[in-house]
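What follows draws every value from the coordinates through simple rules; no lab data is involved. Remember, predicted model here, so these are calculated numbers, not experimental data. As a convention, Cβ positions derive from the backbone with ideal geometry for all residues, glycine included, and neighbour counts pool all protein chains shown.
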Amino acid sequence: MRKIYLAEHRGFCSGVVRALDIVTHMLESGCRPVYVRHAIVHNNHIVRELGDAGVVFVENLDEVPKGGTVIFSAHGVSPEVERKAREMGLKTVDATCPRVKKIHEKATALRNEGYTILLIGNRDHPETCGTLGHIGEGGVVVENREDAENLNLPDTSAAVTYLTQTTLSTEDVSGIVEVLQRRIPKLVEPDRNDICDATLKRQAAVKELTRKCGTILVIGSEASSNSRKLRDMAAAAGADAYLIDSFRDIPDVVVENAGDIGISSGASAPEELVLETINFLTTHGFEPPEGYY
């Protein structure tokens, strides 16, 4: 019988749990509606559920009524957004992931020390946008090796260093850094890797799954950078890899033809989606994971 294997590390990270606890507390306190700038976390299932419970997601602070309360999402915001909220008289609740907060603090410190700071990350991701705001005008986003090759640094005597979005892979970052080191001989290495530990553990667990399974299902939404990265890493390891919002997105060809299947989930995907996927597969001829009940 075809088997299902689960990634040892998967699902919610502590930053997501913290952000959702903050929103839940606001709802339970009787605050209606609860305004959240951007999706609190990048998962369609959670966003729909919270919307039904009374949360209003906005991209622009102008959508929040005067004197209202707005929660900043787990991805963090720039100082400009914080300043605008104060000027509008809004009450703010900060659900930024503590690890992202540390990068903001590091960015501010390095900027004040006079560094030119390169930010390795997805240019349009809200975490990158927020961190770039803390870096200031001299910040430069480096999205890939091509960006690194084409980098045109200003003529400055300032030391150059880099920061990293928390949800990337070490492989992606190391490839970019390799180019930067060649192009900038005096590049100052940061004191530690900015990719969060939860991300690294989930990536390692997916790599382990690919040693057992030819097909990998990653439960998470397309907007989730860390979920996409899990899918991409599984594919790079040679597996047939799929990013799915829920079991309803599993292609028929997987159900009909796949051998053993490995399941992981992004840092903002609830475990109930994993359990639903297991239940679906077990009704289609797959043996449940060991210890599953």
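Going through (1) 6, 24, 27, 20, 12, 7, 3, 0; (2) 6, 26, 29, 23, 13, 3, 0; (3) 6, 28, 33, 21, 10, 2, 0, the figure that equals P(r) over Cα pairs in 10 Å bins from 0, in percent as computed for the structure here is (2). Note on ARG48 and GLU171: with the Förster distance fixed at 41 Å, the Cβ-Cβ geometry gives a FRET efficiency of about 0.80. In a GNM of the chain with a 10 Å cut-off on Cα contacts, which of GLY130, GLY51, GLY139 has the highest mean-square fluctuation? Maximum among the listed residues: GLY51. Spin-label pair LYS102-LYS186: with each label point 7 Å from Cα along the Cα-Cβ axis, the two points sit 2.9 nm from one another. With the cut-off at 26 Å, tell me which of the pairs LYS102/LYS229; LYS101/LYS229; LYS102/LYS201; LYS101/LYS212 have Cα atoms farther apart than that. Among LYS102/LYS229; LYS101/LYS229; LYS102/LYS201; LYS101/LYS212, the Cα-Cα distance tops 26 Å for LYS101/LYS212.
Of the residues ALA148, ALA19, ALA109, the one that moves most in a GNM of the chain with alpha-carbon contacts below 10 Å is ALA109. Residue ranges 173-180, 3-10 sort as 3-10, 173-180 when ordered by packing (mean number of other C-beta atoms within 10 Å per residue, highest first). Summing charges over all other residues whose Cβ lies under 13 Å from the Cβ of THR96, with Lys and Arg as +1 and Asp and Glu as -1, gives +1.
Here the calculated FRET efficiency for ASN112 and LYS91, from their Cβ-Cβ distance with R0 = 25 Å, stands at 0.30, rounded to the nearest 0.05. Evaluated with a Cβ-only charge set (Lys, Arg +1; Asp, Glu -1), the range 14-97 carries a dipole of roughly 160 debye about its Cα centre, given to the nearest 20.
The label-point distance for GLU271 and ALA158, in a model that sets each label 7 Å from Cα toward Cβ, rounds to 4.6 nm. Placing unit charges on the Cβ atoms only, positive for Lys and Arg and negative for Asp and Glu, gives the chain a dipole magnitude near 560 debye about its Cα centre. Per-peptide packing, taken as the mean over residues of other Cβ atoms within 10 Å, places 226-234, 249-257, 41-49, 204-212 in the sequence 226-234, 41-49, 204-212, 249-257 from highest down. With each label modelled as a point 7 angstrom along the Cα→C-beta vector, the GLU178-GLU63 pair spans 4.2 nm.
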